Amino acid sequence: MSLPAELAAELAAREDQGLRRKRRLLSSPQQARVTVDGREYIAFCSNDYLGLAADPRLAAAAKAGIDRYGVGAGASHLILGHSTAHHELEDALAAFVRLPRALLFSTGYMANMGVVGALCGRGDTVFADRLNHASLNDAALVSRAAFKRYAHSDLAALERLLKATPARRKLVIVDAVFSMDGDIAPVPELLELCERHDAYLLIDDAHGFGVLGAQGRGTLAHFGIASERVIYMATLGKAAGVAGAFVAGSAALIETLIQNARPYIYTTATPPLLAHTLLTSLQLIEQENWRRERLDALILQLKQGLAASPWRLLASDTPIQPLLVGDNAAALGLSEQLAAQGLLVPAIRPPTVPQGTARLRISLSADHEAADVAQLVSALLQAA
């Protein structure tokens, strides 16, 4: 069988299993109300948790950034691509999360790959929660360190692994907010284990930054944690509404990443206009607490509205509200029913989630209105 024929057969099998992913075409700004494939919808599938992606103040900042810096960075950070905008944003991010220094990356995926690869290799061990994001798992595999996974949030299992591992360097990697379940990692307990067993803790706060903690400072602020053992990563394309990611920690850590993180060294810097825009985004995150207050109200409304639903909402106090359906085809069918009523809610299936746990991943935004959530609740109860 030729390669194209073999690939076509594999795609057909994926289609039969209800696992084939398909892209929708968005032709409007990323907001609660969007135009997709030529039709208007209320979208519950965006990570734009604070409703900043289409904020006119960010658009104005981006235009000012273009006027000052042009469009492309033109070089890697270590050649001639590290602009004043990048540097100012790194300083602002470090101050915002209250850590000594920060370093920008093009994506969260690249940031995780950069950190784990720069800190770990043969002779080291990486420990990971089984529900971690793919970028953390891939980073551990590529690093060539030993890779040990433990059951979701099972602290006893992690401690057994830490005790039994005589590695040169131990690194625990974890999602702060798990992207498909919406629950928050037991970060204080994880840090305590790391302190007890001479390990370090990489926290991926992609879904907590801007949402959790006082003024949206993230999961460390949420728990009141400060430790040199913590390596903090957060993305800037979700609650911050723009693009990119950053790692924050000690001055020695950031300098080590500058010297050794391959995804940082060997790629063109992000357009400086984005860094310029993010300086405004950071101010809005800090100042506009009403966005987080609205999110909290919408989360409570959804939970109360679906209390009588036959499908169970997983335990989450974050904007990620997964509705467990179970069967792949049933989850797809329910998603399609909602789409027919103008409501976009994605069906998440294996391998993104474990077998038998297909779900609707409801994502709430400060851009939603109470009426939007009421419409979704009504449609789900009607479908049930």
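Key figures for this structure:
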quantity: Strands (runs of 3 or more DSSP E) completely within the range 1-112 that count 1 or more residues being basic (K, R) and either in contact with a Ser or Thr (Cβ under 6 Å, 6 or more places away or on another chain) or within 30 Å of A340 (Cα to Cα) (or both); calculated: 33-36, 39-43
quantity: Pairs where the first residue, in the range 21-32, is β-branched (V, I, T) and the second is surrounded by fewer than 10 Cβ atoms within 10 Å (Cβ to Cβ), C-beta under 9 Å, 6+ apart; calculated: none
quantity: Subset tally (residues that are within 11 Å of A102 (Cα to Cα) and either without any contact (Cβ under 8 Å) to a residue 40 or more places away in the chain or in a helix (DSSP H, G or I) (or both)) for the range 217-251; calculated: 1
quantity: Leading residue by the ranking (modelled with the lowest pLDDT) among those in the range 119-177 that are part of a loop (DSSP other than H, G, I, E, B) and touching a Gly at 6+ places or on another chain (Cβ under 9 Å); calculated: R168
quantity: Members of the range 354-384 that are part of a helix (DSSP H, G or I), small (G, A, S) and more than 27 Å from the chain's Cα centre (by Cα); calculated: S378, A379, A383
quantity: Some residue of the range 47-62 being over 30 Å from A371 (Cβ atoms), at pLDDT 95 or above and in the same structural domain as S281 (by TED's automatic domain parsing); calculated: yes
quantity: Matching option when the condition is in contact with a Phe, Trp or Tyr (Cβ under 9 Å, 6 or more places away or on another chain) and of a type in the set (G, A, S), among G237, G218, G224; calculated: G218
quantity: Count of residues meeting criterion [buried (at least 19 other Cβ atoms within 10 Å of the Cβ) and closer than 23 Å to E90 by Cβ] in the range 285-297; calculated: 1
quantity: Filter result for D181 (surrounded by 17 or more Cβ atoms within 10 Å (Cβ to Cβ), in the same structural domain as A239 (by TED's automatic domain parsing), more than 19 Å from A245 (Cβ to Cβ) and not hydrophobic (A, V, I, L, M, F, W, C)); calculated: yes
quantity: Filter result (part of a helix (DSSP H, G or I) and surrounded by 17 or more Cβ atoms within 10 Å (Cβ to Cβ)) within the range 259-278; calculated: P263, Y264, P272, L273, L274, A275, H276, T277, L278
quantity: Answer residue from the range 60-71, given it is of a type in the set (A, V, I, L, M) and over 10 Å from L274 (Cα atoms) and is surrounded by the most Cβ atoms within 10 Å (Cβ to Cβ) among those; calculated: A64
quantity: In the range 210-221, the residues that are closer than 15 Å to S365 by Cβ and in contact with a Gly (Cβ under 6 Å, 6 or more places away or on another chain); calculated: G210, G216
quantity: In the range 319-336, residue farthest from the chain's Cα centre (by Cα) [restricted to those that are in contact (Cβ under 8 Å) with a residue 60 or more places away in the chain and surrounded by fewer than 21 Cβ atoms within 10 Å (Cβ to Cβ)]; calculated: A329
quantity: Single residue of F127, F105 found to be within 29 Å of K163 (Cβ to Cβ) and not aliphatic (A, V, I, L, M); calculated: F127
quantity: Positions within the range 162-178 being surrounded by fewer than 21 Cβ atoms within 10 Å (Cβ to Cβ) and in contact with a strand residue (DSSP E or B) (Cβ under 7 Å, 6 or more places away or on another chain), in sequence order; calculated: T165, A167
quantity: Residue in the range 195-216 that is farther than 25 Å from L236 by Cβ and part of a helix (DSSP H, G or I) present; calculated: yes
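The values are calculated or read from the model by the stated rules, or taken from the named source; none is laboratory data. This is a predicted model, so every value here is computed, not measured. Here the Cβ is made from the backbone with ideal geometry for all residues, glycine too, and neighbour counts use every protein chain on show.
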